[in-house]
Amino acid sequence: MERNMRIEERKVHWELEEMKRSMEFLSKSFEESNCLLSTAVNENKALIKQNEELHQRVNLLEKNLGECQANLVKAEQYSRNRNLEIKGVLQSPNESIPDVLKKLGDAVGEDITSADI
């Protein structure tokens, strides 16, 4: 009977040691998981902040692009403010604009020189 008790005691002791090792393993795993989670949370916060900054920068660049496009349209319109479009005169691929203008001037009785063009 005493022998059986010692065998049971050893068995219980071994089971307790096994439980202790299991608990230590679980505790270590839990701490590692908490550390990884904390790192991930901090990285996520940094990425959220960086994302917000990039959104602000994109919005500013979009605003600047819109202003540049509007200025380009104004500049293109201004560059054409003294242009003259002649309708009813056929366009040929090898035409010389100064020659066409001189012929047009002759047709209406106005002398057009190269300096006028």
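Only the coordinates and a few stated rules stand behind these numbers; no lab work does. Keep in mind the model is a prediction, meaning the values are calculated, not measured. Here the Cβ is made from the backbone with ideal geometry for all residues, glycine too, and neighbour counts use every protein chain on show.
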If you place +1 on the Cβ of every Lys and Arg, -1 on the Cβ of every Asp and Glu, and leave all else neutral, what size is the dipole of the chain about its Cα centre, to the nearest 20 Debye?
320 debye
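Just from its helices, what would the mean residue ellipticity at 222 nm be for the chain, if runs of 4 or more DSSP H residues each count -39500 (n - 2.57) and the sum is divided by every residue, rounded to the nearest 500 deg cm²/dmol?
On the way: 2 runs with 90 residues, N = 117.
When only DSSP H runs of four or more count, the value is -28500 deg cm²/dmol.
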Which of 65, 104 has the fewest Cβ neighbours within 10 Å, and the rest in rising order
65, 104
I'd like the Karplus ³J(HN,Hα) series for the stretch 84-95: coefficients 6.51, -1.76, 1.60, θ = phi - 60°, whole numbers in Hz, and an x wherever there's a Gly or Pro.
10, 9, 9, 9, x, 9, 5, 9, 10, x, 9, 6
Treating the angle as unsigned and between 0 and 90°, give the value, to the nearest 10°, between the Cα long axis of helix 97-108 and the longest Cα principal axis of the chain.
40 degrees
What is the helix-to-structure angle for 2-79, meaning the angle in degrees between its Cα long axis and the longest Cα principal axis of the chain, kept from 0 to 90 and rounded to the nearest 10?
10 degrees
Could you tally the net charge around residue 21, taking each other residue with its Cβ under 14 Å from the Cβ of residue 21, Lys/Arg +1 and Asp/Glu -1?
-2
With the dipole of the chain worked out from charges on the C-beta (+1 for Lys and Arg, -1 for Asp and Glu) around the Cα centre, which of 109, 65, 36 lies farthest toward the positive end?
36
Assuming a viscosity of 0.890 mPa s and a temperature of 25 °C, what translational diffusion coefficient in µm² per second does Stokes-Einstein assign to the chain, Rh being the Kirkwood radius over Cα pairs?
101 µm²/s
The stretch 93-117-the stretch 56-92 distance, computed between alpha-carbon centres (Å)
28 Å
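Cβ under 13 Å from residue 113's Cβ, residue 113 left aside: what net charge do those residues give with Lys, Arg +1 and Asp, Glu -1? Spell out each step's value before the answer.
On the way: positive: 102; negative: 99, 106, 110, 111, 116.
Within the 13 Å Cβ shell, the charges total -4.
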